[in-house]
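The values are calculated or read from the model by the stated rules, or taken from the named source; none is laboratory data. Only a predicted model underlies this, so the values are computations on that prediction, with no experimental measurement involved. Glycine gets a Cβ as well: all are built from the backbone with ideal geometry, and neighbour counts include every protein chain shown. Heavy atoms of the whole protein, side chains included, go into the accessibility calculation; ligands, DNA and RNA do not. Shrake-Rupley method; radii C 1.70, N 1.55, O 1.52, S 1.80 Å.
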Amino acid sequence: MKTGKEYEDSLRKLNLNVYLFGKKVANVVDDPIIRPSMNAVKMTYEMAAMPEYEDLMTATSHITGKKINRFTHIHQSTSDLVKKTKMERLLGAQTGCCFQRCVGMDAMNALSITTFNIDKKYGTEYNKRFLKYLEFVQAEDLVCDGAMTDPKGDRALAPSQQKDPDMFLHVVEERADGIVVTGAKAHQTGAVNSHEIIVMPTISMREEDKDYAISFALPSDAKGITYIYGRQSCDTRKLEKGMLDRGNQLFGGHEALVVFEKVFVPWERVFMYKEYDFAGELVENFASYHRQSYACKVGVGDVLIGATQVAADYNGANKASHVKDKIIEMNHLNETLFCGSLACAEEGSKQPSGTYLVNVLLANVCKQNVTRFPYEIARLAQDIAGGLMVTMPSEDDLNSPEIGHYVKKYFQGRADVSTENRMKILRLIENITLGTAAVGYLTESMHGAGSPQAQRIMIARQVNMAEKMKTAKKLCGIKE
Ligand code: SF4
Ligand code: FE
């Protein structure tokens, strides 16, 4: 396994084509806007090397028997799935943000199932190719960006009906040695901190869309790939000299638009090619795994609840009964999210390929809660934090020789707590509920791994309504 330092060094060797604020980024790893997101991914390496986290952070490869980072593992039991949930909560709580590495893990697990199923039906060799690729990812301990979401253009039209055919990533040329693809993937979490990109289709498809039913993996710096970095609320605070106003001084997440302009993919890295009847299955499996992955939000919730309690302590409101009760409510909601992720893991089942898949119904229930509860937890955090969180002056004002003493005097809470510490904890709450980390904690909770309606459709499909109705009729003596 790589150390954190080796991970950072390996990123320096990549030749990524990244744009940020309209300019090409010469040094991605040290860019002050991007750096905190790299720090968060780096934690997935550093914590895997700590003996106390070994059980959660590492696993045994089912192909080589070697010890590997759990982020490159194919789940071999429900116990593996439960450890995945706990690992994600742990990392969310250590970083206070999105640590980005789950999408690749979820893509690989979904592909391990679907490549097997395609081969069974069509006699293809995708699973063999995929396992060879997986062995490489495990041996090199790589970060993979699992790339699913196409820009989608007009939502009322299928991929092949779009005015601009590139609204869904598709094959533009078939060659003896591979395929050439064009299109884009939007909202790609952790893209510029990744060594590899694993592309999957984004929706179920029909025969006329078969050029879009493709899955493959590429090195992230393959020729023809461009990254356009997504900006976040308050991101330019990272360009300021001081650290206080950032809230989270160490970590952050990121998303990017990834453009593929006539990119060549060799056959050995193609895992689905025009088997349109399996596009839906791959999407569903990936989505289910990723809906479980939102245990990360429970970890960020841990940080937010902790910060809220500190803020209440610092201004002397911690004994007020309504404050205590609101913090209980925050914990109740947060632990309910955890229950959903744990439950779908515990109820997982073995697929024909041998991979364990989460319980699809419960994974969707888990994610549906994630689209709501973090907003309520954030609302309660803001309630307890008070308006000062958004009206207080900057760190430079605090340190100003002319007016700094006013800031210190009038924003003092409890006499034994420094104004500086009070400002720090409020900035952290601001960061998670309104700033750069709110991208991950709030809007991504809403739309990541599918918007709320996508889960409701799955819930409707997965529940056994016939059985429920039968029991109800039986209990009240209805005979039809
Ligand atoms: Fe992982 Fe959560 Fe980030 Fe998704 S949002 S990549 S599940 S940390
Ligand atoms: Fe996500």
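To keep it simple, each residue is scored yes or no on (1) of a type in the set (A, V, I, L, M); (2) closer than 30 Å to ASP30 by Cβ; (3) open to solvent by 30 Å² or more (accessible area, probe 1.4 Å); (4) in a loop (DSSP other than H, G, I, E, B).
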site	(1), (2), (3), (4)
LYS241	no, yes, yes, yes
PHE260	no, yes, no, no
GLU284	no, no, yes, no
ARG291	no, no, no, no
ILE305	yes, no, no, no
THR308	no, no, no, no
List the pairs whose first member sits in the range 313-332 and is hydroxyl-bearing (Ser, Thr, Tyr), whose second member is part of a helix (DSSP H, G or I), and whose Cβ atoms are under 7 Å apart, counting only residues at least 6 apart or on separate chains? TYR314/ASN421; TYR314/ARG422; TYR314/ILE425
So, first residue within 12 Å of PRO393 (Cβ to Cβ) in the range 403-429, second residue open to solvent by 70 Å² or more (accessible area, probe 1.4 Å), Cβ within less than 6 Å, six or more apart or across chains; the pairs are THR419/LYS408; THR419/GLN412
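Residues are listed down the side, and each one gets a yes or a no for (1) farther than 28 Å from LEU111 by Cα; (2) more than 13 Å from ligand 1 (Cβ to nearest atom); (3) in contact with a helix residue (DSSP H, G or I) (Cβ under 7 Å, 6 or more places away or on another chain):
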{"site": "ALA295", "(1), (2), (3)": "no, no, yes"}
{"site": "LEU304", "(1), (2), (3)": "yes, yes, yes"}
{"site": "ASP313", "(1), (2), (3)": "yes, yes, no"}
{"site": "ALA320", "(1), (2), (3)": "yes, yes, no"}
Going by what's in this entry, would ARG70 be described as within 16 Å of ligand 2 (Cβ to nearest atom) and closer than 21 Å to ASP302 by Cβ? no
Which of the residues spanning the range 168-179 are open to solvent by less than 50 Å² (accessible area, probe 1.4 Å) and either aliphatic (A, V, I, L, M) or assigned to a strand (DSSP E or B) (or both)? LEU169, HIS170, VAL171, GLY178, ILE179
Looking at the range 265-275, can you tell me whether even one residue there is free of Cβ contacts under 8 Å to residues at least 60 places away in the same chain, surrounded by fewer than 19 Cβ atoms within 10 Å (Cβ to Cβ) and either in the same structural domain as ILE113 (by TED's automatic domain parsing) or not β-branched (Val, Ile, Thr) (or both)? no
If you check GLU207 against the conditions, is it over 25 Å from HIS254 (Cα atoms), away from ligand 2 (no atom under 16 Å from the Cβ) and at pLDDT 95 or above? yes
Just give me the residues in the range 97-126 being over 13 Å from the mean Cα position of the chain (by Cα) and either of a type in the set (D, E, K, R) or within 30 Å of GLN249 (Cα to Cα) (or both), in sequence order. ASP119, LYS120, LYS121, GLU125
Checked pairs for the range 434-463, first over 24 Å from ASN39 (Cα atoms), second more than 15 Å from ligand 1 (Cβ to nearest atom) and outside any helix (DSSP H, G or I), C-beta under 9 Å and 6 or more apart or across chains, list as MET446/ARG372; PRO452/ARG372; GLN462/ASN359
Between THR124, THR115, which is crowded, with 16+ Cβ neighbours inside 10 Å, β-branched (Val, Ile, Thr) and part of a loop (DSSP other than H, G, I, E, B)? THR124
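Each row is one residue, and each column tells you yes or no for (1) closer than 25 Å to THR336 by Cβ; (2) within 16 Å of ligand 2 (Cβ to nearest atom); (3) modelled with pLDDT of 95 or more.
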| residue | (1), (2), (3) |
| --- | --- |
| LEU282 | no, no, yes |
| ALA287 | yes, yes, yes |
| HIS290 | yes, yes, yes |
| CYS296 | yes, yes, yes |
| LEU304 | yes, no, yes |
| GLN309 | yes, no, yes |
| GLY316 | no, no, yes |
If you scan the range 387-404, which residues turn out to be of a type in the set (Gly, Ala, Ser) and not in a helix (DSSP H, G or I)? GLY387, SER394, SER400
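Yes/no per residue for (1) under 15 Å from LEU218 (Cβ atoms); (2) within 16 Å of ligand 1 (Cβ to nearest atom); (3) among the aromatic types (Phe, Trp, Tyr):
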position: ARG101; (1), (2), (3): no, yes, no
position: ALA110; (1), (2), (3): no, yes, no
position: PHE116; (1), (2), (3): no, no, yes
position: LYS128; (1), (2), (3): no, no, no
position: GLU135; (1), (2), (3): no, no, no
position: ALA139; (1), (2), (3): no, no, no
position: MET148; (1), (2), (3): yes, yes, no
position: GLY153; (1), (2), (3): no, no, no
Selection from the range 8-26 of residues that are more than 9 Å from ILE228 (Cα to Cα), surrounded by 18 or more Cβ atoms within 10 Å (Cβ to Cβ) and among the polar types (S, T, N, Q): none
Residues to consider are LYS42, LYS5; find the one that is touching a Phe, Trp or Tyr at 6+ places or on another chain (Cβ under 8 Å), within 30 Å of LYS241 (Cβ to Cβ) and either basic (Lys, Arg) or in the same structural domain as ASN334 (by TED's automatic domain parsing) (or both). LYS42
Among residues of the range 405-462 being open to solvent by 70 Å² or more (accessible area, probe 1.4 Å) and in a loop (DSSP other than H, G, I, E, B), the residue nearest to ligand 1 (Cβ to nearest atom) is LEU434
Positions within the range 188-217 being in a loop (DSSP other than H, G, I, E, B) and open to solvent by less than 10 Å² (accessible area, probe 1.4 Å), in sequence order: GLY190, SER194, MET200, PRO201, ALA213
